[in-house]
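The values are calculated or read from the model by the stated rules, or taken from the named source; none is laboratory data. Predicted model, so just to flag it, every value in this text is computed and none were measured. Every residue, glycine among them, receives a Cβ derived from its backbone with ideal geometry; neighbour counts consider all protein chains shown. Side chains included, ligands, DNA and RNA excluded: accessible areas come from the protein's heavy atoms. Shrake-Rupley method; radii C 1.70, N 1.55, O 1.52, S 1.80 Å.
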Amino acid sequence: MLAGAMMADLLTVQNLRKAFKVSANRPGAAKQLLKAVDGVSFELKTGETLGLVGESGCGKSTIGKLLLRLIEPDEGVICFDGQTITGMPKREMTAMRREMQIIFQDPYSSLNPRMRVGDIIGEPLVVHGLARGKEIREQVLTLMKKVGLAPEHYDRYPHEFSGGQRQRIGIARTLAVQPRLVVADEPVSALDLSIQAQIVNLLKDLQQEFGLTYLFISHDLGVIEHICDRVAVMYLGRIVELADVEQLYKQPRHPYTEALLNSVPVPDPQHVRQHQILSGEIPSPINPPEGCHFHPRCPYAQEICRQEYPKLTEQIEGHQAACHFSDEVGRFKI
Ligand code: SF4
């Protein structure tokens, strides 16, 4: 987490867009455009953790893949450490990707079941020429220790590990190339609650030790609160609110954020929510509602909301929201 003085931007993203062609549900009909990411801008400061939160299908994982150019954006500019990486030739991008790594929700699918754990973690060291001979084993054992794996795990295979341990293997492999930016895409969503806390604490410790910068993608505001400095809330491909974590949890300025916060379970049987949980289906990003995309689900909606999309604007210092009536948020206790 960030401490003290304001740090420089490690990553800036301007007006990022990505649409996918999807099959229509009628035979013979033309393909339709699904706007997964629709004009997203933000910056990430060195050493901070920015959370990206929203319901499934809001575009947050697509942003993670766009940042590393695992998929190509349609529009927009991504700068990493002062260099524009959108349009960067493949060879330069491959070298750059050493500094930008991703951790996935299900590490098992990315761990070769026929390789021993030591070889899996050591593979990036070999590929990038960072170690050779005996050094590889030494560095792998050091990494394993850092993530809480024992030396005797070196010769075991991925199927011999629990979900939490497999995530530790994935994290060790990510760290092997000494990245500066880590995109963590739902890294604890598939784990039991107690294991989630262990992995979140491990990620925080590693951030301190290695000065890592995280983009932490999650649908779970409870997890986001524990690890992030700032949070960007996404709805249908756009950021609708962005603020410091404390500010956003204390006083959200977008009704969607308010509803998400009120749907976080409270571990207290005496606490009965008076508020309704966010109702209604998330609309299709192929054909989002006119005006503010959230208006069919929003209790604050008025006529202007059905006509004009509200711009993301700074409401108070460092707190942006895209809502025509952000001053009223909290009135309905949704
Ligand atoms: Fe609700 Fe209107 Fe604000 Fe959209 S702009 S979130 S519909 S009040």
Query raised in the report: To the nearest 500 deg cm²/dmol, what mean residue ellipticity at 222 nm is calculated for the chain from DSSP H runs of n ≥ 4 alone, each contributing -39,500 (n - 2.57), summed and divided by the residues?
Result: -8500 deg cm²/dmol
Query raised in the report: Taking the mean number of other Cβ atoms within 10 Å as a proxy for protection, how do you rank 246-258, 131-143 from highest to lowest?
Result: 246-258, 131-143
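Of K35/K250; K65/K90; K45/K204; K134/K204, which pairs sit farther than 20 Å apart, going by alpha carbon to alpha carbon? Don't skip to the end; give the middle numbers.
Numbers: K35/K250 31 Å; K65/K90 15 Å; K45/K204 16 Å; K134/K204 30 Å.
Flagged as over cut-off: K35/K250; K134/K204.
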Report summary line: Taking protein heavy atoms only, a 1.4 Å probe, and rounding to whole percent, the accessible area of the chain owed to carbon and sulfur comes out at 49 percent
Query - Degrees between helix 193-210 axis and first principal axis of the chain (Cα, 0 to 90, nearest 10) - result: 70 degrees
Query raised in the report: Given S41, S56, S109, which one lies farthest toward the positive end of the charge dipole of region 2-135, if we put +1 on the Cβ of every Lys and Arg and -1 on the Cβ of every Asp and Glu?
Result: S109
Query - Karplus-derived 3J(HN,Hα), 6.51/-1.76/1.60, for each residue of region 85-101, Hz, glycine and proline x - result: 9, 5, x, 5, x, 4, 5, 5, 5, 4, 5, 5, 5, 4, 8, 10, 10
Report task. For R180, tell me the accessible area in Å² from a 1.4 Å probe, rounded to the nearest 10. Result -> 90 Å²
Query raised in the report: Between the helical axis of 163-176 and the dominant principal axis of the chain, each derived from Cα atoms, what acute angle in degrees is found, rounded to the nearest 10?
Result: 70 degrees
Requested in this report: Order L221, L261, most accessible first, counting only protein heavy atoms with a 1.4 angstrom probe.
Outcome: L261, L221
**Report entry** Charged-residue dipole, Cβ positions (Lys, Arg, Asp, Glu), the chain about Cα centre, Debye nearest 20
**Finding:** 1020 debye
Query - Stretchable slack from Q208 to E328, in nm (0.36 nm times residue separation minus alpha-carbon distance) - result: 39.4 nm
Report task. For helix 117-127, report the angle its Cα long axis makes with the longest principal axis of the Cα atoms of the chain; keep it between 0 and 90° and round to the nearest 10°. Result -> 90 degrees
Report summary line: Honestly region 114-188 on the Cα gyration tensor test (a ≥ b ≥ c root eigenvalues; a/c under 1.5 rounded, otherwise a/b vs b/c for prolate or oblate) is just oblate
